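One structure is given here, and the rest of the page talks about it.
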Amino acid sequence: MSEPSPPSDLAQARRLDDFESLARARMGRPEHDYIAGGADDELTMADNRAALRRWRLRPRVLVDVKTVDASTSFLGQPVSLPAGIAPMAFQHFADADAELATARAAAAAGVLFCLSTMSSRALEEVAEAADEAGSAPRWFQLYVHRDRRRSEELVRRAAAAGYSAIVLTVDFPVAGNRERDLRNGLPYPQAFGNFEVSPAEVTDGVLAAVIGGFTDATLSWDDIDWLRGLSDLPIVIKGILSGEDAEQAVERGVAGIVVSNHGGRQLDRLPATIDVLPEVVQAVDGRAEVYLDSGISRGTDVLVALALGARGVFVGRPIFFALGAGGEQGVSRALDLLGAEVRRDMALLGVTDPAQLVREHLWRRQGPDGSGPG
Ligand code: GLV
């Protein structure tokens, strides 16, 4: 990051998408582009948002909505919103306190926080900061290292530090082609929060390749049993995009699935996650909780995903930018804005509890040109 500048005026942010320009003014181009960018031509990244925005809502009126409560539970643990914070690597790119700040804001708001394996701060330090700020569940995202002993150690540490689920990311056998990072020569972090990385592991020119070099490309379905044997924590698989894989995951006893294309950062030309969600929900058929990420930035996005059967969603980039715009206060502001949107949109739609959202709350999907059903 370049020289720190004064905190941006967070009051200027009226919606999640406002944080990017506030953060941009305070961070270098390579760091900004690492967060904002996707793979190849960024088609999937754009599609995620466009497809969410093609859905229209179908309200019921004359419903008593004086009291609207957006709280729910994720894997049985109470959360104040059906939206959690997605795992995101290297949060020091946005703020010196990095994940400490994000986790504190999430805990204070009662929002689920998921920590990345590639966090800038150690998982124990983050847990302590979160516990001091409030109480909300936290999950640990796992990239499986080629040296399995490193991952075994991480899972045990996460369990000991009060993380309540392991989120296994399965869409990163190798790094996606992030051309913005190649162009910008994105600098390596000086330190990784959770482990030492040897110089040999960071000699490649692109940061995503560090993660790709670290992850075990041999990982396969049989390894879910290995992972289950490491702790008592429930397993959530992140990066499922087909009914067949959802079925496999359920057969292996996972507690949750995140329908995700990694925010369009891995394989380009994957479908938008909201378009895949119904297929996964159908395959899972209530045997596990289904979540969605990639492209969420509005309260109405959250409602559309829930009406299509998601238990909850995860928000990534807008939170990273909120961290860049104002550290912990920035993330708190983002969570306040999102929470207010979700509650207002629920009232306007005629629901008082996220559990009431059903397919009948969706009108129909507009065609890509906005003209008709798609
Ligand atoms: C890490 O998960 C990334 O997408 O850069």
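The values are calculated or read from the model by the stated rules, or taken from the named source; none is laboratory data. These numbers were taken from a predicted model, which means no experiment stands behind them. Cβ sites come from the backbone with ideal geometry, for glycine too, and all protein chains shown count toward neighbours. These accessible areas exclude ligands, DNA and RNA; they are computed on the full protein's heavy atoms, side chains included. Shrake-Rupley method; radii C 1.70, N 1.55, O 1.52, S 1.80 Å.
So here's what we get for this one:
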| read-out | value |
| --- | --- |
| Residue match in the range 291-301 (condition: of a type in the set (S, T, N, Q), over 24 Å from A165 (Cα atoms), open to solvent by 10 Å² or more (accessible area, probe 1.4 Å) and outside any loop (DSSP other than H, G, I, E, B)) | yes |
| Residue that is farthest from the ligand (Cβ to nearest atom) [pool: residues in the range 224-242 that are open to solvent by 10 Å² or more (accessible area, probe 1.4 Å) and part of a helix (DSSP H, G or I)] | D225 |
| Filter result for A107 (modelled with pLDDT of 95 or more, assigned to a helix (DSSP H, G or I) and in contact with a Leu (Cβ under 8 Å, 6 or more places away or on another chain)) | no |
| The range 39-61, subset in contact with a helix residue (DSSP H, G or I) (Cβ under 7 Å, 6 or more places away or on another chain) and surrounded by 20 or more Cβ atoms within 10 Å (Cβ to Cβ), residue farthest from M346 (Cα to Cα) | A39 |
| Per-region count, the range 79-97, residues of a type in the set (S, T, N, Q) and either surrounded by fewer than 21 Cβ atoms within 10 Å (Cβ to Cβ) or more than 16 Å from the ligand (Cβ to nearest atom) (or both) | 1 |
| Lone qualifier among L168, L186, L100 - being more than 16 Å from the ligand (Cβ to nearest atom), surrounded by 22 or more Cβ atoms within 10 Å (Cβ to Cβ) and of a type outside the set (V, I, T) | L100 |
| Set G76, G28: member being surrounded by fewer than 21 Cβ atoms within 10 Å (Cβ to Cβ), farther than 26 Å from Y291 by Cβ and free of Cβ contacts under 8 Å to residues at least 40 places away in the same chain | G28 |
| Yes/no for G330 being small (G, A, S) and out of contact with any Lys or Arg (no Cβ under 8 Å at 6 or more places or on another chain) | yes |
